[in-house]
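The values are calculated or read from the model by the stated rules, or taken from the named source; none is laboratory data. What you see is a predicted model, and the numbers here were worked out from it, not measured in a lab. For neighbour counting, all protein chains shown are included, and Cβ atoms are generated from backbone atoms with ideal geometry for every residue, glycine included. Accessible surface is based on the protein model in full, side chains and every heavy atom, while ligands, DNA and RNA are left aside. Shrake-Rupley method; radii C 1.70, N 1.55, O 1.52, S 1.80 Å.
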Amino acid sequence: MTATRTLITLAAMMMASVSLARADTLIYITDPAGETLFAEADEKSPYFKLATYLESEQILTFCGPATIAAVLNSLDIPRPVPQRLFPWGLFTQDAVFTPENQAVKPYPMVERDGLVLEQLVQFFINLGVKAELHHADSIDVSALRELIKAGLAAPDTRLVANYSRKPIGQNGDGHISPIAAYDVETDRVLVLDVAKYKYPPVWMTVADLHAAMNTIDSGSNKTRGLVVVTK
């Protein structure tokens, strides 16, 4: 283990003494340890495109639409031209509510209680990309790790995590955000956050991400999980 990684490990151990209800300590990218992890991460190629288009959710329940917009813009597929941006094209949080997606779940209902995993997948499909769903109770930590490594290495693939904040000690509950990087040595994954008013991007262990996904979403009575989006 390098001296830098040793310092990261020691810092995590020190912070763990005040951690709540989680197996390991979160490391935010804005922390010195988080910056170091990003610099030394083994796979981070999607980060720059995702970060370029990542916006904060415009409504507290819009983590799904905000994530969809960022992912689709980062894949550089044909974009809609919102009236206010004419003649320029961009997926916005409002623009993802096409007639097909309004039929899946109308804007007012998403505003009320967000999107469950199956609805998120259908929104992606209706917007012209492929989306594959993996409920957390159908995969173990090893399988999740392999999905993450393969997805981050594929230029035309994006990964979206649907998880609960509670098991990792953050405020809130169900949330949706993209995954942007992975570090082999620490087995940590970088999850961006479309609730920018609450948290910056965070490094968490794959095991903790799995535990946060392996929680029941009351909107579907199913576990949360991972969505693999392909151009």
Selection from the stretch 178-209 of residues surrounded by 22 or more Cβ atoms within 10 Å (Cβ to Cβ) and either part of a helix (DSSP H, G or I) or without any contact (Cβ under 8 Å) to a residue 12 or more places away in the chain (or both) yields 208, 209
Residue 75 passes all but one of the listed conditions (1) out of contact with any Cys (no Cβ under 6 Å at 6 or more places or on another chain); (2) open to solvent by less than 70 Å² (accessible area, probe 1.4 Å); (3) in contact (Cβ under 8 Å) with a residue 60 or more places away in the chain; (4) under 18 Å from residue 198 (Cβ atoms); the exception is number (4)
Pairs returned, first residue in the stretch 36-61 that is farther than 24 Å from residue 172 by Cβ and loosely packed, with under 14 Cβ neighbours inside 10 Å, second residue that is of a type in the set (D, E, K, R) and modelled with pLDDT of 95 or more, beta-carbon separation under 9 angstrom, 6 or more apart or interchain, are 42/149; 42/183; 42/185
Residue 115: in contact (Cβ under 8 Å) with a residue 60 or more places away in the chain, in a loop (DSSP other than H, G, I, E, B) and not hydroxyl-bearing (Ser, Thr, Tyr), yes or no? yes
Scanning the stretch 136-177 for residues that are of a type in the set (Ser, Thr, Tyr) and open to solvent by 40 Å² or more (accessible area, probe 1.4 Å), the one farthest from residue 223 (Cα to Cα) turns out to be 142
Scanning the stretch 210-231 for residues that are closer than 16 Å to residue 133 by Cβ, part of a loop (DSSP other than H, G, I, E, B) and small (Gly, Ala, Ser), the one least open to solvent (accessible area, probe 1.4 Å) turns out to be 220
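Can you work out which of the residues in the stretch 86-106 that are buried (at least 16 other Cβ atoms within 10 Å of the Cβ) and not β-branched (Val, Ile, Thr) is nearest to residue 50 (Cα to Cα)?
91
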**Request:** Answer yes or no: is there a residue in the stretch 136-157 that is aliphatic (A, V, I, L, M), in a strand (DSSP E or B) and modelled with pLDDT of 95 or more.
**Result:** no
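Any chance the stretch 113-135 includes a residue that's surrounded by fewer than 20 Cβ atoms within 10 Å (Cβ to Cβ), over 18 Å from residue 230 (Cα atoms) and modelled with pLDDT of 95 or more?
yes
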With criteria (1) within 21 Å of the chain's Cα centre (by Cα); (2) exposed (fewer than 13 other Cβ atoms within 10 Å of the Cβ), residue 70 comes up short on (2)
- Task: Could you tell me whether the stretch 83-98 includes any residue that is touching a residue at least 40 places away in the same chain (Cβ under 8 Å) and not basic (Lys, Arg)?
- Result: no
Within the stretch 99-112, residues among the hydrophobic types (A, V, I, L, M, F, W, C) and either in contact (Cβ under 8 Å) with a residue 40 or more places away in the chain or within 16 Å of residue 129 (Cβ to Cβ) (or both) come out as 104, 110
